[in-house]
Amino acid sequence: METSLETSGQRRILLFLSLAVAALLIFQASKIWLADHRLDSEAVATAERGAALIPGDGSAWDRLGRLRQWDFLNSDLPGAIDDYQKALRDNPRSAHFWMDLASAYEASGDDGRARQAYQRAESVYPACA
């Protein structure tokens with residue numbers, strides 16, 4: 001498809017649209033980079049702000065949950081369980097997220113919910129052992 005760019009007005013419109021698309025892409029890429037950078041932080045509050053930057057990305061909440069659960073000095077199992085549940089709201093078919101939730105339930109002593117989460121992980125990934 002050919003576009004006529006004979007007049008300066010048409011060239012300006014094309015330039016403006018190109019710059020607008022470029023600005024949008026740069027903004028989105030910067031947001032994703034900042035979220036990833038924050039998620040790599042050891043500070044829970046910083047990682048939480050990073051996870052909030054990427055709505056719909058369950059892996060960010062799962063990473064935050066693992067950070068809370070496996071912090072040996074300040075373990076926060078209720079916070080980890082909440083983060084795993086947020087991850088599952090974004091991606092309920094992830095056996096990995098279900099296994100992390102089951103692990104947190106088991107560590108907190110809630111064997112009934114842990115068993116349910118393990119069974120759910122098996123149902124979404126039936127080829128598991």
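The values are calculated or read from the model by the stated rules, or taken from the named source; none is laboratory data. Here the structure is a predicted model, which is why all the values come from computation and not from measurement. Please note: Cβ atoms are built from the backbone with ideal geometry, for glycine as well, and neighbour counts cover all protein chains shown.
Per-structure values
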{"quantity": "Residues of the stretch 89-115 satisfying the condition of being among the hydrophobic types (A, V, I, L, M, F, W, C) and either more than 14 Å from G56 (Cβ to Cβ) or in contact with a strand residue (DSSP E or B) (Cβ under 6 Å, 6 or more places away or on another chain) (or both)", "calculated": "A95, W98, M99, L101, A102, A104, A107, A114"}
{"quantity": "Given (1) under 30 Å from A87 (Cα atoms); (2) surrounded by fewer than 11 Cβ atoms within 10 Å (Cβ to Cβ), number of the condition V44 does not satisfy", "calculated": "(2)"}
{"quantity": "Failed item, numbered, when Y125 is tested on (1) aromatic (F, W, Y); (2) more than 23 Å from S41 (Cβ to Cβ); (3) buried (at least 19 other Cβ atoms within 10 Å of the Cβ)", "calculated": "(3)"}
{"quantity": "Any hit, the stretch 6-17, residues being more than 26 Å from N91 (Cα to Cα), outside any helix (DSSP H, G or I) and of a type outside the set (F, W, Y)", "calculated": "yes"}
{"quantity": "Answer residue from the stretch 6-41, given it is exposed (fewer than 13 other Cβ atoms within 10 Å of the Cβ) and acidic (D, E) and is modelled with the highest pLDDT among those", "calculated": "D40"}
